[in-house]
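> My structure is below; once you've seen it, I'll send some questions.
The values are calculated or read from the model by the stated rules, or taken from the named source; none is laboratory data. On a predicted model such as this, the values are computed, not experimentally measured, just so you know. We place every Cβ from the backbone using ideal geometry, glycine too, and count neighbours over all the protein chains shown.
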Amino acid sequence: MLRYNSVVYDASHTTYLILLRCIDAVWIAVGIVWVAGAVFTKRTARSQTAGSRIIHLLLAATGFYLEFKGPSGWRFLPESSAIALAGLALTVAGAAIAVWARVMLGGNWSAVVTIKQDHRIIRRGPYAVVRHPIYSGGLLALLGTAIAFGAVRGLIGFALVFIGWWMKSRLEETFLEKQFGADYALYKREVKGLIPFVL
């Protein structure tokens, strides 16, 4: 048993806390990749309005805040090392998909909805499975994090981020359809948006 701040923890609880810290580390690594990758983007040719950007940003920021506030509060799953390990596995898998997609997108990536100069439709790697794999991977990672922490507010945070990213993906579709016409319409018919073979 461990004693920390006059609270006694058994090995199972200590393992649970370590797994939660591992999830934090995964998200920090994703953040580093995102910041580093932002340096290598192409020039913007056209961008979304500030108003629509604020809506997406507020939904995502509120969702992430709720997700990472911690494991306290109402729970939908018990505190368990096995559940936390499953959540960590989903978080790692989702983060890996998102990072892979980010690397494949290269200079076309932007934090806001844009069309870049010399923009291209990417259809290889994870983009052959879904049209928005960064969002798909990010949502899988957020779901894994919510499961690991087990707090109801994590599910609410996941739902808010899902809504924000779904809205953003719809706007991206509009931009890409206008830019690429029939080529993008064909891509939409052949590949689902967020969930392979479903949505």
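> Going residue by residue through segment 92-99, is there one that turns out to be crowded, with 22+ Cβ neighbours inside 10 Å and either touching a strand residue (DSSP E or B) at 6+ places or on another chain (Cβ under 6 Å) or within 18 Å of Thr15 (Cβ to Cβ) (or both)?
Looking through segment 92-99, none of the residues is crowded, with 22+ Cβ neighbours inside 10 Å and either touching a strand residue (DSSP E or B) at 6+ places or on another chain (Cβ under 6 Å) or within 18 Å of Thr15 (Cβ to Cβ) (or both).
> Which members of segment 112-149 meet the condition of being closer than 16 Å to Arg102 by Cβ, of a type outside the set (A, V, I, L, M, F, W, C) and assigned to a helix (DSSP H, G or I)?
Across segment 112-149, the qualifying residues are Gly125, Pro126, Tyr127, Pro133, Tyr135, Ser136, Gly137, Gly138.
> Which of the residues spanning segment 45-67 are among the small types (Gly, Ala, Ser) and modelled with pLDDT under 90? Give the steps one after another, and end with the answer.
Going through segment 45-67, the residues among the small types (Gly, Ala, Ser) turn out to be 45, 47, 50-52, 60-61, 63.
Those that are among the small types (Gly, Ala, Ser) and modelled with pLDDT under 90: Ala45, Ser47, Ala50, Gly51, Ser52.
> Could you grab me the full set of residues in segment 54-105 that are outside any helix (DSSP H, G or I) and of a type in the set (A, V, I, L, M, F, W, C)?
Trp74, Phe76, Leu77 - these are the residues of segment 54-105 that are outside any helix (DSSP H, G or I) and of a type in the set (A, V, I, L, M, F, W, C).
> Kindly check whether there is at least one residue in segment 175-198 that is within 12 Å of the chain's Cα centre (by Cα), surrounded by 17 or more Cβ atoms within 10 Å (Cβ to Cβ), at pLDDT below 90 and not charged (D, E, K, R). Reasoning before the result, please.
Residues of segment 175-198 within 12 Å of the chain's Cα centre (by Cα): 194.
Those left that are additionally surrounded by 17 or more Cβ atoms within 10 Å (Cβ to Cβ): 194.
Add one more test, that the residue is at pLDDT below 90, and what stays is 194.
If we keep only those that are not charged (D, E, K, R) too, we end up with 194.
The answer is yes, given that some residue of segment 175-198 is within 12 Å of the chain's Cα centre (by Cα), surrounded by 17 or more Cβ atoms within 10 Å (Cβ to Cβ), at pLDDT below 90 and not charged (D, E, K, R).
> Which of the residues belonging to segment 100-117 are touching a Gly at 6+ places or on another chain (Cβ under 8 Å), at pLDDT below 95 and surrounded by fewer than 18 Cβ atoms within 10 Å (Cβ to Cβ)?
Of everything in segment 100-117, just one residue is touching a Gly at 6+ places or on another chain (Cβ under 8 Å), at pLDDT below 95 and surrounded by fewer than 18 Cβ atoms within 10 Å (Cβ to Cβ), namely Val103.
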